[in-house]
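Please read the structure below before turning to the comments.
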Amino acid sequence: MGHIEALASVRATSPDLKSESSLTATVPTRVAQLGPREAHVWHIPLLALSDRAERLRALLSPAECSSALRLRFKRDRERFVCRRGAVRLILSGYVGVAPDRLQFRTNVHGKPELKGLAGRSGIRFNSSHSGDLALCAVTIGRRIGIDVEKVRTVADAEGIARLFFSRSEQDELSALPADDWQLSFLRCWTRKEAFVKARGNGLSYPLKCFDVSLRPEEPAALLRIGRDTAAGRHWSMMSFEPHGDYMAAIVVSGSGYRVSSWRYFEEVA
């Protein structure tokens, strides 16, 4: 079954996570070696992969297939299968284990990790999806989290902010012009989600106990955890737009990371 073969058309954008400056360059047609201070972000277009859903389904475990079947709508079942199958193909290219033989475990908060031979490789990953786009972030030996949201008007965003954003973040949002409010809300949400996913806690970690930057003119940053206003030095954070209709954020433990962005266009054998 299909390993990652050749990429038909791939470009990498490699912004520094601290400065958010960017460098665009053509990269080889095979998966580049992942360095110890790098993170790769794979863009997975779920709608474009829907015609390969059955081939991707063959890569999934029985438990994953059962999870897909429990989804009510066919579109959601296909998205699930394509996302899980694509993530298996991507990880297979790093660890050298066939995608259908990869094994996973989850921590106590439900974050998936590789186990067995693949787990001993040091590869860590995280994925997120919204609408017809999924993202998969990969690094070596560092905690990593990613979140993506389709840009839209969020119902009761003000109520959500009151429940989950810190007082400082709520004040920052309140001071923004109305035209900037919804995008800044999504900017804040994706950054907070990526951070708790990188920690491995998910939403069990109180979102109000830390602050992130959210103004349009500010670089992505972790500003405070509890009373620690220097917490950001232990984490690298970046926001980006994987597509004009989406907003995303990635967080990696440590500093000085570079992120390469990869388009997933290969045929599934």
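Residues are listed down the side, and each one gets a yes or a no for (1) in contact (Cβ under 8 Å) with a residue 12 or more places away in the chain; (2) aliphatic (A, V, I, L, M); (3) closer than 24 Å to residue 259 by Cβ; (4) assigned by TED's automatic domain parsing to the domain that holds residue 43:
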position: 103; (1), (2), (3), (4): yes, no, no, yes
position: 107; (1), (2), (3), (4): yes, no, yes, yes
position: 118; (1), (2), (3), (4): yes, yes, yes, yes
position: 121; (1), (2), (3), (4): yes, no, yes, yes
position: 126; (1), (2), (3), (4): yes, no, yes, yes
position: 135; (1), (2), (3), (4): yes, yes, yes, yes
position: 165; (1), (2), (3), (4): yes, no, no, no
| Check on residue 268, at pLDDT 95 or above, β-branched (Val, Ile, Thr) and in contact with a helix residue (DSSP H, G or I) (Cβ under 7 Å, 6 or more places away or on another chain) | no
| task | Taking the residues in the range 172-189 that are assigned to a helix (DSSP H, G or I) and among the hydrophobic types (A, V, I, L, M, F, W, C) as candidates, determine which candidate is farthest from residue 219 (Cα to Cα). | result | 178
| query | Within the range 244-257, is even one residue surrounded by 18 or more Cβ atoms within 10 Å (Cβ to Cβ), among the hydroxyl-bearing types (Ser, Thr, Tyr) and part of a loop (DSSP other than H, G, I, E, B)? | reply | yes
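Quick grid of which residues meet (1) assigned by TED's automatic domain parsing to the domain that holds residue 43; (2) touching a residue at least 40 places away in the same chain (Cβ under 8 Å); (3) over 14 Å from the mean Cα position of the chain (by Cα):
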residue	(1), (2), (3)
200	no, yes, no
204	no, yes, yes
226	no, no, yes
247	no, yes, no
| So residue 97, is it of a type in the set (A, V, I, L, M), at pLDDT below 90 and surrounded by 14 or more Cβ atoms within 10 Å (Cβ to Cβ) | no
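The values are calculated or read from the model by the stated rules, or taken from the named source; none is laboratory data. If you're wondering where the values come from, they're calculated on a predicted model, not measured in any experiment. Virtual Cβ from ideal backbone geometry, glycine too; neighbours counted across all protein chains shown.
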